[in-house]
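See structure below.
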Amino acid sequence: MKKNSIYEVDSNPPLTKCLPISLQHVLTMLIGNVAPALIISASVGLSEKEQIVLVQAAMIAAAVATLVQVYGISRFGSRLPMVMGINFSFVTACISIGKGYGMGSVFGACIFGGIAIMIFGALIKKVRKFFPPLVTGITVTTIGMSLYPVAIGYMAGNPDLPTYGSLQNWGVALFTLIVVIGLSEFGKGYIKTISILIGLVLGYIVAAFMGMVDLSSLSNQKLFELPKIMPFGMKFDISAIMTMVVMYIVTSIEAIGDISSLTMGGMDREATTEEISNGIMGNGLSAIINAFFGGTPTATFSQNVGIVTLTKVANKKVIKIAAFMVFIIGILPKFGALMTSIPYPVLGGATLSVFAIITVNGLRLLWEEEFTTRNMTIIGVSLAIGMGITQVPETIASFPEGFQLFIGSSPVIMSTIVAFVMNLILPRKTLEQEAEERKALDK
């Protein structure tokens with residue numbers, strides 16, 4: 001192992017090599033990390049001051065969860081180069097609970113959700129056999145596919161502005177995408193490694209010249225502000241707790257796919273059961289800690305897994321530096337406002353290729369399985385139901401609200417559940433057995 005290589009997990013490369021990749025991770029997760037807080041605060045009707053607190057807490061939560069994963073505390077944390085961030089899957093649940101019971105009930109429920117997945121993570125060794133590459137591959141593939149609308153939506157621009165979908169937005173987005181693809185394919189050495197960061201910077205400059213960068217929010221933000229303890233209070237409502245517990249457990253299955261994708265794509269190996277177990281338990285510990293600071297639920301960030309896969313930079317020091325950058329953003333709101341001034345088209349153009357890589361990593365996991373009729377049926381039906389329901393959510397409008405929340409919040413949840421159940425009940429057959437059955441039918 002080279003002591004200063006950024007491609008080795010536990011090596012100690014110089015800061016100058018780490019910083020560009022760390023910044024790339026931060027820029028990639030920034031909007032996705034802040035957006036849930038903005039959506040929740042707007043939907044629940046929080047004041048501008050409360051919205052700033054929720055956004056700040058989102059950055060602190062991401063930093064804490066990432067550091068727990070990378071450093072590890074006893075059995076808590078995977079000790080992998082895993083970036084954590086605010087989970088989009090919980091947005092609907094947080095809005096529903098926030099409107100019905102108040103934001104304090106959201107964070108009270110998060111504590112019980114954290115406890116639930118700590119138990120689930122501890123038991124994962126016994127249930128890991130129920131999540132073979134067939135199931136986790138479907139999970140990872142669905143994660144990648146579910147992120148396409150996010151990237152395409154960003155490429156079109158801010159949906160709240162009249163310029164959404166304009167030729168100017170698409171031009172900037174495609175310019176950024178071309179830069180990223182061009183450098184990742186034709187760049188050499190370190191230039192190839194930081195292709196996404198270069199694409200973001202060049203795209204930002206072009207967007208600024210076209211008048212697409214808005215820095216007005218800088219003047220409205222404080223220079224420095226520490227996180228507050230229980231800024232929204234804390235309440236415990238049984239309905240909110242049950243919703244969060246179910247959501248936490250189901251979305252933890254995504255972590256199995258993300259951790260598998262990270263080790264497969266960045267380290268060319270499968271994740272160990274211990275890494276998956278500790279990773280899920282680490283997120284449970286983070287959930288409890290962050291609830292006291294107003295941080296909504298976190299999850300493994302698939303787009304950052306994609307960066308590790310794309311660049312092959314799986315060094316933990318890079319991720320630690322990124323986590324500290326995110327923490328600094330959380331206590332320096334003006335710096336955070338500057339970072340969030342990156343136009344949506346630039347971010348969408350830079351991340352589309354990353355999301356595509358995630359999908360391919362899922363396919364790599366699926367390729368480990370034989371493409372029997374049984375397995376192809378499971379893959380096809382799981383993807384069709386998971387992606388299909390979320391594409392036409394009105395098809396489950398007559399179902400109970402809790403069911404809609406559970407099924408319709410993320411295609412990953414439904415695809416994984418269908419794959420899990422079908423893998424259990426359909427009899428396993430090899431290609432040879434299927435061939436023999438066909439021969440028997442011909443006789």
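Laid out as a table, the results:
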item: Accessible surface, per residue, of the range 313-391 when the full set of protein chains is kept, probe 1.4 Å, Å²; result: 34
item: The chain, relative contact order [Cα under 8 Å, separation at least 6], %; result: 32
item: Proximal aspartates and glutamates relative to Lys192, as straight alpha-carbon distance under 18 Å, when same-chain residues fewer than 8 apart are discounted; result: Glu8
item: Over the range 246-353: Rg over Rh, Cα atoms, Kirkwood Rh; result: 0.98
item: Dimensions (Å) - the range 327-405, Cα atoms, principal axes, largest first; result: 55, 38, 24
item: Long-range Cα-Cα pairs in the range 157-252 (distance over 23 Å), rounded percent; result: 59
item: Part-to-part distance (alpha-carbon centres) for the range 239-311 and the range 168-206, which is given in Å; result: 29
item: Two-decimal ratio, the range 17-124, of alpha-carbon radius of gyration to 2.2 N^0.38 Å; result: 1.18
item: Square roots of 5 times each gyration tensor eigenvalue, C-alpha, the range 1-75, largest first, Å; result: 33, 15, 8
item: For the range 18-57 versus the range 415-432, the gap between their alpha-carbon centres in whole angstrom; result: 39
item: Range of Cα positions in the chain per principal axis (Å), largest first; result: 80, 56, 48
item: Gap separating the Cα centres of the range 343-377 and the range 62-139, nearest whole Å; result: 22
item: Radius, Kirkwood style, for the range 103-207 when every pair of distinct Cα atoms is counted (Å); result: 17.8
item: The range 200-247: equivalent-ellipsoid semi-axes (sqrt of 5 x gyration tensor eigenvalues, Cα, Å); result: 40, 19, 9
item: Per residue, in Å², the accessible surface of the range 186-302 once ligands and nucleic acids are set aside, probe 1.4 Å; result: 43
item: Per principal axis, descending, Cα span of the range 291-365 in whole Å; result: 40, 29, 24
item: Accessible surface of the chain, 1.4 Å probe, proportion on carbon and sulfur as whole %; result: 67
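The values are calculated or read from the model by the stated rules, or taken from the named source; none is laboratory data. A quick note: this is a predicted structure, and the numbers were derived from the prediction, not measured. To get the accessible areas, we keep the full protein, side chains included, count just its heavy atoms, and leave off ligands, DNA and RNA. Shrake-Rupley method; radii C 1.70, N 1.55, O 1.52, S 1.80 Å.
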